[in-house]
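Student: Structure incoming, see below.
The values are calculated or read from the model by the stated rules, or taken from the named source; none is laboratory data. These figures come from a predicted structure and were not determined experimentally. We place every Cβ from the backbone using ideal geometry, glycine too, and count neighbours over all the protein chains shown. In case anyone asks, the SASA skips ligands and DNA or RNA and just uses the protein heavy atoms, side chains included. Shrake-Rupley method; radii C 1.70, N 1.55, O 1.52, S 1.80 Å.
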Amino acid sequence: QVQLVESGGGLVQPGGSLRVFCAASGRIISIGVMRWYRQAPGTQREWVASVSSDGSTNYADSVKGRFTISRDSAKNTVYLQLNSLKPEDTAVYYCNAVMNFREYWGQGTQVTVSS
């Protein structure tokens with residue numbers, strides 16, 4: 001069974017850093033673009049960052065310069081480094097990927113930024 005599993009979330013103070021990661025498992029033939037989304041309570045899920053199979057990246061304006069997305073193709077894993085965190089970054093962070101030409105979502109990992 002092909003799936004994505006996130007981990008690494010937690011509680012961090014404003015200005016702090018956190019790293020979340022997402023591992024793909026199962027019988028994977030191909031992985032295309034890998035993305036991170038987030039959803040805060042009472043809001044719609046929003047796109048955060050993307051990394052393509054060739055390593056090129058894109059970011060939402062709200063996180064540009066603070067977050068860094070990367071991937072390790074050998075481990076089928078995508079990472080999101082979150083720096084200079086703000087309370088408004090508090091959300092459940094979801095991993096998304098096209099694997100074997102189908103779209104998959106992870107279950108999400110909670111990131112809370114609070115003093």
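Student: Filter region 2-36 down to residues that are in contact with a helix residue (DSSP H, G or I) (Cβ under 8 Å, 6 or more places away or on another chain) and at pLDDT 95 or above and give me whichever is nearest to residue 63 (Cα to Cα).
Tutor: Of all residues in region 2-36, those in contact with a helix residue (DSSP H, G or I) (Cβ under 8 Å, 6 or more places away or on another chain) come to 14, 23, 31.
Among the residues that remain, those that are also at pLDDT 95 or above are: 14, 23.
Numbers: 14: 14, 23: 22 Å.
The qualifying residue nearest to residue 63 (Cα to Cα) is 14.
Student: Between a residue in region 74-88 that is surrounded by 18 or more Cβ atoms within 10 Å (Cβ to Cβ) and any residue that is assigned to a helix (DSSP H, G or I), which pairs come within a Cβ distance under 7 Å, given they are 6 or more apart or on different chains?
Tutor: Between residues of region 74-88 that are surrounded by 18 or more Cβ atoms within 10 Å (Cβ to Cβ) and residues that are assigned to a helix (DSSP H, G or I), the close pairs are 82/89.
Student: Now for a separate question. I need a count of the residues in region 25-45 that are among the charged types (D, E, K, R) and not in a strand (DSSP E or B). Give the derivation first.
Tutor: Step one: of region 25-45, the residues among the charged types (D, E, K, R) are 27, 35, 38, 45.
Checking the rest, the ones that are also not in a strand (DSSP E or B) come to 27, 45.
Count: 2.
Student: Okay, next question. For residue 44, are the conditions met, namely being under 12 Å from the mean Cα position of the chain (by Cα) and not hydrophobic (A, V, I, L, M, F, W, C)? Write out each step before concluding.
Tutor: On the way: under 12 Å from the mean Cα position of the chain (by Cα): no; not hydrophobic (A, V, I, L, M, F, W, C): yes.
No, not satisfied.
Student: Among the residues of region 87-98, is there at least one that is touching an Asp or Glu at 6+ places or on another chain (Cβ under 6 Å) and under 29 Å from residue 27 (Cβ atoms)?
Tutor: Quick first cut of region 87-98, residues touching an Asp or Glu at 6+ places or on another chain (Cβ under 6 Å) only: 95.
The next check asks that each one be under 29 Å from residue 27 (Cβ atoms); those that pass are 95.
Yes, there is a match, as at least one residue in region 87-98 is touching an Asp or Glu at 6+ places or on another chain (Cβ under 6 Å) and under 29 Å from residue 27 (Cβ atoms).
Student: Additional query: State all residues of region 89-110 that are farther than 19 Å from residue 51 by Cβ and open to solvent by 40 Å² or more (accessible area, probe 1.4 Å); if no residue qualifies, say none.
Tutor: 107, 110
Student: Of everything in region 1-24, what is of a type outside the set (A, V, I, L, M), assigned to a strand (DSSP E or B) and under 19 Å from residue 70 (Cβ atoms)? Give them in sequence order. Even if it seems obvious, please write down each step before you answer.
Tutor: If we filter region 1-24 for residues that are of a type outside the set (A, V, I, L, M), which is where we start, we get 1, 3, 6-10, 13-17, 19, 21-22.
Within this subset, residues satisfying the condition of being assigned to a strand (DSSP E or B) are 3, 6-7, 10, 19, 21-22.
Those that are of a type outside the set (A, V, I, L, M), assigned to a strand (DSSP E or B) and under 19 Å from residue 70 (Cβ atoms): 6, 7, 19, 21, 22.
Student: Within the group 112, 68, which residue is more than 14 Å from the chain's Cα centre (by Cα), part of a strand (DSSP E or B) and modelled with pLDDT of 95 or more?
Tutor: 112
Student: Let me ask another. Need pairs with beta-carbon distance below 7 Å; first residue of a type in the set (D, E, K, R) and within region 60-71, second assigned to a loop (DSSP other than H, G, I, E, B) and surrounded by fewer than 15 Cβ atoms within 10 Å (Cβ to Cβ); sequence gap 6+ or separate chains.
Tutor: Taking only residues 6 or more apart or on different chains, the pairs are 66/83; 66/84.
Student: Please specify each residue of region 27-51 satisfying the condition of being farther than 13 Å from residue 93 by Cα, open to solvent by 30 Å² or more (accessible area, probe 1.4 Å) and of a type outside the set (Val, Ile, Thr).
Tutor: Once the filter is applied, which keeps residues that are farther than 13 Å from residue 93 by Cα, open to solvent by 30 Å² or more (accessible area, probe 1.4 Å) and of a type outside the set (Val, Ile, Thr), region 27-51 yields 27, 30, 42.
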